[in-house]
1. Under a 5 Å amide H to amide H cut-off, with H placed in plane at 1.01 Å, what residues pair with A302 once short-range neighbours are removed?
2. Of all alpha-carbon pairs in region 3-196, indicate the percentage at a distance above 19 angstrom.
3. For the chain, modelled as a Gaussian network with Cα springs under 10 Å, which listed residue fluctuates most, R82, R280, R103?
4. Given R₀ = 41 Å, FRET efficiency for F14-K279 by Cβ-Cβ distance, to 0.05?
5. Quick one: which residues, 5 or more positions from G97 or on another chain, have an amide H under 5 Å from its amide H? H modelled 1.01 Å from N in the peptide plane, none for Pro or chain starts.
6. Taking the chain as a Gaussian network, Cα atoms linked when under 10 Å apart, which of V101, V34, V268 shows the biggest mean-square fluctuation?
7. Give, rounded to the nearest 20 debye, the magnitude of the charge dipole that region 207-377 has about its Cα centre when Lys and Arg contribute +1 at Cβ and Asp and Glu contribute -1 at Cβ.
8. Do the alpha carbons of any pairs in K86/K279; K132/K177; K310/K376 sit beyond 29 Å of each other, and which pairs?
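FYI, it's all coordinate maths here, none of it is from the lab. Because the structure is a prediction, the values reported are computed rather than measured. For neighbour counting, all protein chains shown are included, and Cβ atoms are generated from backbone atoms with ideal geometry for every residue, glycine included.
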Amino acid sequence: MNPKFENYFKEQGFEALTPIQAEVAPLLAQEKSVLGLAPTGSGKTIAYALPLLEQLLPKDGTQLLILAPSQELAAQLTNVIRPWAKLLELNVLSLIGGANVKRQIEKLKKRPEVVIGTPGRLLNLINDKKLKLHKLEAIVIDEADELLGEAETLADCREIITHAPRTAAVSFFSATKAPILSELHRWFGIEPTVIDVRQVDHTRGQVEHYLLEVPQRKRVDALRRLAQLDDFCALVFFKQTAELNDAYEKLKHAHVNVARLHSEQRQVEREQALRQLRKREVALLLTTDVAARGLDIPGLPAVVNYDLPKNVNTYIHRVGRTGRMGADGTVINIGNERDLRMFKQLVKEKGYELEPVYLYQRQLVTDQNELAELKKQAPSRPVRKKPNKPVTQAESAKKKRKKNRKRDQKNKGKRKKS
């Protein structure tokens, strides 16, 4: 490792390289293509950034390109990598959708050595001949299972790579191994060296996985009650933006400190929502899988699954937002009895220990006996009876009055013919 990196590494409080960092560094230093698989929160960004930054030449144009699936992750990668690049007098530029493209073009004229962005915006700038890749030494596709799992972004990534020199090394990093990652030769014509440390990496802290049984119609109220817990702060995952917005409005109406993060918002709104969560100004940040993919929120206490994930890989990425780099965390899965039963079957193969939990008087209780004891100790609330109003004479007369309707008359015998 570069001596400047070593000093900064210690200043940041790091003591030793994580397994993924130690394994991929020599390969990337040799300009090899790598497929790196490691748990969420295990330092994958530093794993590829440091050895690749060491190979770059200052003021020699764009030599490193990093692709990310979302604006938030691209911005996060930029913030993480920029201080390390600065140590070697290298410039880092973020190119993401939602930002002012004219300003981005102006910054590209300064020929930054490192460019980080989302495929759509990168491809637009490449096709407009504003972003030139002829000096590229390496390409990194972060959250590769997400970027390559969708046909549109897979096509964008492939087209971007065609604009780079054939000698550029292409590497892929992910926390889960989707089927597409076994077909990289088919799609990109390369056979990367696979480094899989998922079974040997123990950098994650202790994460408790809970099942909170709640009827579908009361899930928003469950979020309200969770927000009232002491020091509770969580990312809350939704399947659809429409339902997310509906829950957001209801929680706002109930005076809950809540924010939202989804792909239909403006970039400024999304940045503000993340800032509020990081500063603990809100108890809940409602989000979707795409918007929150790969986000690092230091010390995040909890993740809540408002909508249960449909596959194990999605669950792994969601719960990876908490318990990062040795910190402890909590995951609360909300659903009715049937949904939770099916969910347990879904994640059983991964060995997660799912424990029932109960919400009672602003606390989470995992023991039924303890819950019963708490209910016994709770003071019983007196039943309030509504006072009987004195009935006035006018009201009494009004009640007794009965209209004489023809429809109420009994048919006694034949009616007289007119």
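1. Excluding prolines and chain starts, which carry no amide H, the hits are C233, L235, T330.
2. Summing the P(r) tail past 19 Å for region 3-196 gives 57 percent.
3. R103
4. Values: r = 24 Å, r/R0 = 0.58.
Computed FRET efficiency for F14 and K279: 0.95.
5. Correct list: T118, R121.
6. V268
7. Working: 28 positive and 24 negative charges, 77 e Å.
Around 360 debye, computed over region 207-377.
8. K132/K177; K310/K376
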